[in-house]
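Here's the structure we're looking at; comments come further down.
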Amino acid sequence: MRILIYMWEGIRIAYDALRAYKMRSILTTLGIVIGVTTVITIVALIQGLNQAFSSEISALGTDTVYIQKFPWTMQGDDWFKYRNRPNITVDEADRVKELSRTVSAVAPTVETSRTIKHREKTVERVSITGTTAEYLTTANADPEIGRFFSANDVASNRPVAVLGSEVAELLFGQSDPLGKRVTIGGRKFRVIGVLGKKGSFMGFNQDILAIIPIGTFQSAFGAQRRWVTIEVKAKSPQLIEETEDELTGIMRRIRKLTPEKESNFAINKQSLLLDTYNQLTGTLWAVAIGVGAISLIVGGIGIMNILLVSVTERTREIGVRKALGARNSDILWQFLVESMMICSIGVLIGILMAVGIAKLVAATTPLPAAITWWVAFLGLVFVVTIGLFFGIYPASKAARLNPIEALRYE
Amino acid sequence: MLIKLEKIEKIYEIGTVQVPALRGINLNVEKNEYIAIMGPSGSGKSTLMNIIGCLDTPSSGDYLLNQHNVSTMDDDQLAEIRNREIGFVFQTFNLLPRASALHNVELPMIYNGTPAAGRRKMAEEALEKVGLADRMHHKPNELSGGQRQRVAIARALVNRPSIILADEPTGNLDSRTGDEIMEIFEGLHEQGNTIILVTHEEYIAEHSNRIIRLRDGMVERDESVH
Ligand SMILES: Nc1ncnc2c1ncn2[C@@H]1O[C@H](COP(=O)(O)OP(=O)(O)OP(=O)(O)O)[C@@H](O)[C@H]1O
Ligand SMILES: [Mg+2]
């Protein structure tokens, strides 16, 4: 009860003081504002990225590896080192499938981008994937309606296509796409399946695609100078390391690499992306913590400074309060509350600005930014710690004032 | 015995120079006395009042207030004594400039944890007692000097202290306003309050029952009036 009364009086005093020195108080909070804005914006960005990436990366599957010419994690001039490697071929994919024991599915894939037409309707820049029937397993490409193409379809190079949901919708609207004819890059195909909706990721629409048999793809769009990816699904996520080792051995055998030669292919997997991603967010965290800490310290010192001025200006007031029975701890809390109030103004402005920035970023860039309930919690933590930490020195200075000297102060 | 001072000394040290402000004051005050302290400037009147009001501590000597030895108390205990036992009225009023008359009078009750509703009621009563019922929500700078001093008196008596101390309460007021303030003190005395006030004016001192004259930090004369 008593503590509530003191707190209330503290808030009242602080409010009066802040109102009397509006401009000064707002300027004082600038450091806090910048710190809070930076930290919350970056954390919101990381959270947004996490939400988007975790679903995206997990879509890759923890049990799938990708045999490719280039590793996913390259830096600087690595590209020049790797570009002279021989291209991965469909034949190699067949050999891998033949030789490996730890895998459940192997699918070579090639990609291009083409226009798809149906009567007068067209969809441009559709991602076209050529692959085999096992892609159904390696990429979890189970159609929502219709079916995926069979080994038979692939073997006999049938002109059949599985469409992404958006392509199907744009071309066929409400009518049933199954069995309809579409033209992909000038060639005719029959629609046998439509995939479920995946939504967009980082501004990239994942539903504008078509999948066709790899032989059909090569005869339609050419077999040369295309980068083949061999998608391999391990029997279980636990076996992925073994699968990786086995595939390395098989590929080296296929390419007849002697032991002293380096591998001239890359085996990529989800965890590589995860590592890179974690590095990126780690850097962002470091920036957030660095900028945040510096501006909060600067802001805190600003608050301490303004409180010291305030204590001096109100020396007589402190004397009066002590003469009327205020204890040292009452005066201490009065200034701590004032300190926390200045902080909370800064935190509030900072949160509002961060929310604004996050909204702006989400609206104008493909970067997602998410601010949630933890903002309030974080704000509270800031208010309490900075307010207390930087307020304690001026407040205890005020609390220790001798009543009669404070009353005599001119 | 309400107040008992024994061999109270106060020595100010300014650098290496020692300034004795009080040099062995002995003083007994009974309940419901009305005392005026007089003496030339620099004789130690304010110093003595501040010690009685527990705003300052003596360099040596004993001070018993209601049989409690004040000299041995810590900061928190002194704060509580100031809050409950003493009502101080200053020459320069010492009101909080940004707070209304009502809030100023509520202040002492805030520091003893009186709930808001009771606080407000008692503050209103105290302001009525000094004739300021219609000025409760005015800020000090919207009040005349006499009105400010009445707010200060209301603040001093609102906690029903054992003793009201006033250091030249009329010093900043013209003589007519001073008389009005003295009437209030007289009324308070009649209601049973104990009052000690410092003044330079004989006609003000005449309101009291007992006049103590100080000179050079010592009691020069201590006489009852009427
Ligand atoms: N804080 C202080 N530091 C040093 N000396 C002081 C201090 N306060 C008072 N004194 C000295 O103590 C002596 C008594 O001062 P005090 O204020 O008690 O006088 P007073 O009787 O109230 O005078 P006045 O009538 O002018 O108010 C004076 O000599 C004064 O200079
Ligand atoms: Mg004086």
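Amide H contacts under 5 Å for B:Thr194: B:Asn32, B:Ile164, restricted to partners 5 or more places along the chain or on a different chain, H placed in the peptide plane at 1.01 Å from N. Cα centroids of the range A:177-222 and the range B:151-226: 102 Å apart. Footprinting exposure proxy ranking of B:Lys10, A:Lys188, fewest other C-beta atoms within 10 angstrom first, gives A:Lys188, B:Lys10. Compactness check for the range A:86-264: Cα Rg over 2.2 N^0.38 Å is 1.11. The alpha-carbon positions of the protein assembly as shown define a convex hull whose volume is 243 Å³ per residue.
Along the range A:233-247 the Karplus relation, 6.51 cos²θ - 1.76 cosθ + 1.60 evaluated at θ = phi - 60°, assigns HN-Hα couplings of 9, 6, 5, 7, x, 5, 8, 4, 5, 4, 4, 4, 4, 4, 5 Hz to successive residues, with x for each Gly and Pro. Label separation (A:Thr312 vs A:Lys188): 9.2 nm, computed from points 7 Å beyond Cα along the C-beta direction. Short-range pairs are left out: with C-alpha atoms under 8 Å and at least six residues apart, the relative contact order of chain B is 29 percent. Estimated from helical segments only, the mean residue ellipticity of chain A at 222 nm is -19000 deg cm²/dmol, where each DSSP H run of four or more residues counts as -39500 (n - 2.57).
May I ask you to list the residues of the range A:66-101 whose amide nitrogen lies under 20 Å from a point 7 Å from Cα along the Cα→beta-carbon direction of A:Asn264? In the range A:66-101, the label zone of A:Asn264 (backbone N under 20 Å from the point 7 Å along Cα→Cβ) covers A:67-72, A:78-96.
Residue-wise HN-Hα couplings along the range A:256-272, as the Karplus relation 6.51 cos²θ - 1.76 cosθ + 1.60 with θ = phi - 60° gives them from phi, are 6, 8, 6, x, 7, 8, 6, 5, 10, 8, 10, 10, 9, 8, 3, 5, 4 Hz; Gly and Pro carry x.
A cut-off of 5 Å between modelled amide H atoms, ignoring neighbours fewer than 5 places along the same chain, links B:Asp222 with B:Arg213. By the beta-carbon count within 10 Å of each Cβ, the least crowded to most crowded order of B:His189, B:His68, B:His103, fewest first, is B:His68, B:His189, B:His103. Residue by residue, the range A:388-393 carries 3J(HN,Hα) couplings of 5, 4, 8, x, 5, 5 Hz when phi is fed to the Karplus relation 6.51 cos²θ - 1.76 cosθ + 1.60 (θ = phi - 60°); x denotes Gly or Pro. Checking every one of the GluC sites (Glu not before Pro) in the range A:255-361 against DSSP loop status and a limit of 12 other Cβ atoms within 10 Å picks out A:Glu260, A:Glu262.
Thinking of the range B:40-135 as a set of Cα atoms, what percent of all their pairs are more than 19 Å apart?
Working: 2402 of 4560 pairs.
So the portion of pairs separated by more than 19 Å is 53 percent.
Taking amide H positions as modeled 1.01 Å from N, with prolines and chain starts lacking one, the residues under 5 Å from B:Arg210 and 5 or more places away or on another chain are B:Tyr34, B:Ala36, B:Val225. Of the residues B:Thr194, B:Gly178, A:Ile303, the one whose Cα sits farthest towards the positive end of the charge dipole of the protein assembly as shown is A:Ile303 (charges of +1 on Lys and Arg Cβ, -1 on Asp and Glu Cβ, taken about the Cα centre).
If R0 equals 51 Å, the separation of the Cβ atoms of A:Lys197 and A:Val384 corresponds to a calculated FRET efficiency of about 0.65. For B:Ala116, put the label point 7 Å out on the Cα→Cβ axis and report which residues of the range B:127-171 keep their amide N under 18 Å from it. Only B:137 fall inside the zone, counting backbone N under 18 Å.
Between A:Val355, A:Val103, A:Val320, the GNM of chain A built on Cα springs shorter than 10 angstrom shows A:Val320 fluctuating the most.
Using the Cβ-Cβ distance between A:Gln218 and A:Arg85 with R0 = 22 Å, the FRET efficiency computed as 1/(1 + (r/R0)^6) comes to roughly 0.60.
Computed from the C-beta positions of A:Ile294 and A:Gln51 and an R0 of 25 Å, the FRET efficiency is 0.30 to the nearest 0.05.
Between A:Lys322, A:Lys256, A:Lys233, the Gaussian network model of chain A with springs among Cα atoms under 10 angstrom shows the greatest mean-square fluctuation at A:Lys256.
All of the numbers you see were taken from the coordinates with simple rules; none came from a lab. Everything numeric here is computed off the predicted structure, so don't read it as measured data. With ideal geometry, Cβ positions are generated from the backbone for all residues, glycine too; neighbour counts draw on all protein chains shown.
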